[in-house]
Structure formats: C-alpha cells, structure tokens
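Quick notes on the structure that follows.
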Amino acid sequence: MRLHTQITIALILGLAAGLVANLLGIDPLTDALVAIEPIGTAWIRLITMVVIPLVFASLIVGTASLGDITKLGRIGGKTVAYYLATTAIAVSIGLLLSNLIQPGSGMDEAALTGLRSTYGAQSADRVDLAQQAPSMVEVLLAMIPRNPVRAMADGDMLPIIFFAIFFGASVSVLPTEKREPLVTFFDGVNEAAMVMIHWIMKLAPIAVFVLIAAVIARFGLDVIGSLGVYAITVVIGLLLHVALTYALILKYLAGWRPLDFLRRIREPQLIAFSTSSSNATLPLTMETAEEELGVSKEVSSFVLPLGATINMDGTALYQAVATMFIFQVLVGDISIATQLMIVLTATLASIGAAGVPSAGIIILVLVLEQALAGTGVEPAAGIALVLGVDRILDMCRTAVNVTGDLTASAVIDRSEKLREGRIPVVPAAT
Ligand code: ASP
C-alpha cells in the first residue's frame, strides 16, 4: 500500500477514534488517546530535527550551483512578488466571503458569554505573546544573523536562509578546485537528510493517527456549534483559494493539470494537516517538489524554505475571516477602508507568522489591534471568541500554506526553465 494511502487511512481512523471518544463521552478512551499523544509529538520532533541541516545544505548547493549570481536576485525578486500577490488574493477571498456570508451576524448573547468565559484567560496569554512580537524594522534586522551558529541552534529560519545564500553565493565564485569539494560535501549532507526523511516518513501513519485522534478527542465537534458558520466560512475560503487561485495559476503559469498536481502533493498536504506546521512539513515539501514535480534543486531549495517562513495564504485568509467575524460580532458593520487595511495588515502579518502550530492566532492579535482601533473593543475579547475552533482551522490553513508554497515552486521553476529555453515555447498561432 502506498504511503499516502496509509496516511489517509490513519487520518480517517484517527478522526473516527477521536469522535467516538468525544461524542459518546467515553472518558477512559479520551484519556488513552490524549496519553499517547507524545508518540505524535516525538514524530514531529524527528522530522523537525532534519529541517535545519536540510535547508542549510540544500540552499548552499542550490546557490553554489546557480552559476550566475544575478539569477539569484531574479529568482528572489520573482518569488517574493509572487508570494505577496497570492497572499493578497487569499485575503481578498476571505473578505469577500465574509461580506457575503456574514458569519458574525447570527451569534446570540448566551453563546458569546459562554465563549468569553471559557477562553478569556487563554486569550490574554495570546495577547501577551503578540505584544512581545518584534516590530517590522526589528524583523528585518534580525534577518542578518550576528552569529549563524546561534541562528541554527535557535532554529531561526530567516537568518539561516540569509547566511546560507550568502555563503552559497560566495562558494559559487570560487575556483573549481575549491568549489567542488564544498559542493560535494553539502550535497552529501543533503542526500543523507533525504534518507532520514524517507525513514521518518515510514512512521507517519502512526503519528498521524495519534495526532488527529488526540486533537478530536480533546476538542470534539461540540465546540464548533456556535462557531460553525465562522469555521465553515474559513474552510470554504480555503477551498476556493485552492480551487480557483491555485488551479488557474497551475494551469496558466505552471503548465500543470491542477488535479494531477494536487494528486502528487497529497503526502505533504496530509502531513501539514496532521501536524499544523509548515516547518515540520518542509523536508517532505522539498522532497515532493523535487521528486514528484520535477522542480530543480536551485528553485526548490530557495523557494520552499522561504515559503514555509513567509508565504502563508491559508493563514492570511483565515485572519481576514476571523477579523471580519470578530468585528461583526463585537462591533457591527465594517467600513471598506477598514477592510482595505485588513488586506494590508493580514498580508504582512502572515509573513511574520512562523510555520508552527497556532502561530496564526498570535499574529491575529496584531491585525485585530489595527482593525479594532478606536472601537473600544480589546483584541483579547476577539481572540476569546475564535480560540475554540482554532486548532481545527490551523490544520486546514496549514495544508493550504504548504500547497501555496509548492504551487510557487512549480511556477518559478517553469519560468526559469522557459527563460533558459529548457521548455520549448509553442509559438502563438498567427
Ligand atoms: N500553523 C501554520 C503553519 O505552520 C501557521 C498558522 O497559521 O498558525 O503554516
């Protein structure tokens, strides 16, 4: 049986076990499912362990073999512009849908009070965390590591990317006899990391079962109740973004049949869904891009680690819907000007969110602060409202984040190959 089939079965079984435990209120089963959760956590740690060596080695190999440093600037510029554009589209879809569906209009007072009292304290924690978040200038400065070894030890992705590219670019201009051994060495590190991923992935079905079962057993579906319309709005938005935005981009910019593409990336999507972490999924995302989609190493090694860190279409869309929902419930009608500001802040905020579970809700505080300014409503009250369904939505938005990164890698790869004449361009009919 192929791995993605095993993972899908594990996912369904996990869902079923969690639902049985939660809906039938079988406490010993819930306790047992929650008790085995560390097995899932151990697996996430295993795969996360490969991220730094893999990203570092493959970026160095990628940049060192570019052959031409201007190419790096070109790929970089295209990638960032592409990421910003698709994220802004995602936010706009979220806003449009929230205007159409009005998820916050039917909420009754009793449900509101209940949600606030259940999640009030936790939401204050999220607000505290957001207040510790650095400013934009600090984020930009922090991209330049004072000490690359410390950045690696701390797992800070952007400074690692910065250093690896800089180092790789300098390797690329060395004379051949100096360059070759370095490239061979890092290529070996990269290959060994890939072998580790293969091994770790064999355990993925077990991890997926455990992770999903524990989440569903703990949170259940009852919490969705009053938040149902909101959660469904987010999910519809995410599906639309994949079915419209990505499908069109894949077809017209990447030359892929969208369904074929989606079939090939099932594994990273399932793992993103189960782990709620783009970072933990990154090794698999990179492997899939290279092996299933035929993306060249120089593109995948750059576009994907950057994407896992800064490109979060799913998160941005979710932030737009969440902000609209919170505004509709706590304040009322929302002006076009405020909505435009949401496009800007949600796009930027999603860049600042790390690819780890729940990062999106912490960053949501920043978007809310802007949107709610002058209304007298505190962001914490808003967070309290949506926290209950956050874990489940986190799973969905992470799967979209990873799909977005992979789509980008296909687009950039094709445009580079076209440029170099590696894909024959069919002349337009005259
Ligand atoms: N969990 C998401 C990711 O890793 C980020 C978020 O939206 O919380 O991509």
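The values are calculated or read from the model by the stated rules, or taken from the named source; none is laboratory data. The structure displayed is predicted, hence computed values, not measured ones. Quick reminder, even Gly has a Cβ in these numbers, built from the backbone with ideal geometry, and neighbours come from all protein chains shown. Just so you know, the surface numbers come from the protein's heavy atoms only, side chains and all, with ligands and any DNA or RNA stripped out. Shrake-Rupley method; radii C 1.70, N 1.55, O 1.52, S 1.80 Å.
Looking at residue 383, is it open to solvent by less than 30 Å² (accessible area, probe 1.4 Å) and either within 16 Å of the ligand (Cβ to nearest atom) or touching a Ser or Thr at 6+ places or on another chain (Cβ under 8 Å) (or both)? Break it down stepwise before answering.
Numbers: open to solvent by less than 30 Å² (accessible area, probe 1.4 Å): yes; either within 16 Å of the ligand (Cβ to nearest atom) or touching a Ser or Thr at 6+ places or on another chain (Cβ under 8 Å) (or both): yes.
So residue 383 fits the description; yes.
Can we say residue 280 is within 17 Å of the chain's Cα centre (by Cα), at pLDDT below 95 and of a type in the set (A, V, I, L, M, F, W, C)? Spell out how you get there, then give the answer.
Details: within 17 Å of the chain's Cα centre (by Cα): yes; at pLDDT below 95: yes; of a type in the set (A, V, I, L, M, F, W, C): yes.
Yes: the conditions hold for residue 280.
When residue 351 is evaluated against the numbered criteria (1) of a type in the set (Val, Ile, Thr); (2) without any contact (Cβ under 8 Å) to a residue 60 or more places away in the chain; (3) open to solvent by 30 Å² or more (accessible area, probe 1.4 Å), which criterion, by number, is the only one it fails?
(2)
Test of understanding: among 5, 30, which residue is open to solvent by 10 Å² or more (accessible area, probe 1.4 Å), part of a helix (DSSP H, G or I), under 23 Å from residue 278 (Cα atoms) and at pLDDT below 90? Let's see the steps before the verdict.
On the way: 30 fails: under 23 Å from residue 278 (Cα atoms).
One residue alone meets the criteria, 5.
Out of segment 145-188, which residues are free of Cβ contacts under 8 Å to residues at least 60 places away in the same chain and open to solvent by 80 Å² or more (accessible area, probe 1.4 Å)?
Once the filter is applied, which keeps residues that are free of Cβ contacts under 8 Å to residues at least 60 places away in the same chain and open to solvent by 80 Å² or more (accessible area, probe 1.4 Å), segment 145-188 yields 146, 149, 150, 153, 154, 166, 177, 178, 180, 184, 185.
Just to be sure I understand, how many residues within segment 350-367 are assigned to a helix (DSSP H, G or I) and near the ligand (Cβ under 6 Å from one of its atoms)?
The first filter runs over segment 350-367 and keeps only residues assigned to a helix (DSSP H, G or I), leaving 350-352, 359-367.
Now drop any that are not near the ligand (Cβ under 6 Å from one of its atoms), which leaves 359-360.
Qualifying residue count, segment 350-367: 2.
Do we find that residue 62 is within 17 Å of residue 412 (Cβ to Cβ) and in contact (Cβ under 8 Å) with a residue 40 or more places away in the chain in this structure? Explain how you work it out, then say what you get.
Values: within 17 Å of residue 412 (Cβ to Cβ): yes; in contact (Cβ under 8 Å) with a residue 40 or more places away in the chain: yes.
Yes; evaluated as a whole, the condition is true for this residue.
Report yes if residue 422 is closer than 26 Å to residue 248 by Cα, away from the ligand (no atom under 12 Å from the Cβ), open to solvent by 10 Å² or more (accessible area, probe 1.4 Å) and free of Cβ contacts under 8 Å to residues at least 12 places away in the same chain, otherwise no.
Values: closer than 26 Å to residue 248 by Cα: yes; away from the ligand (no atom under 12 Å from the Cβ): yes; open to solvent by 10 Å² or more (accessible area, probe 1.4 Å): yes; free of Cβ contacts under 8 Å to residues at least 12 places away in the same chain: yes.
So residue 422 fits the description; yes.
Which of the residues that make up segment 34-50 are out of contact with any Lys or Arg (no Cβ under 8 Å at 6 or more places or on another chain), among the hydrophobic types (A, V, I, L, M, F, W, C) and either open to solvent by less than 70 Å² (accessible area, probe 1.4 Å) or at pLDDT 90 or above (or both)? Spell out how you get there, then give the answer.
Pass one, segment 34-50, residues out of contact with any Lys or Arg (no Cβ under 8 Å at 6 or more places or on another chain): 35-50.
This time we only want the ones that are among the hydrophobic types (A, V, I, L, M, F, W, C), so: 35-36, 39, 42-44, 46-47, 49-50.
Across segment 34-50, the qualifying residues are 35, 36, 39, 42, 43, 44, 46, 47, 50.
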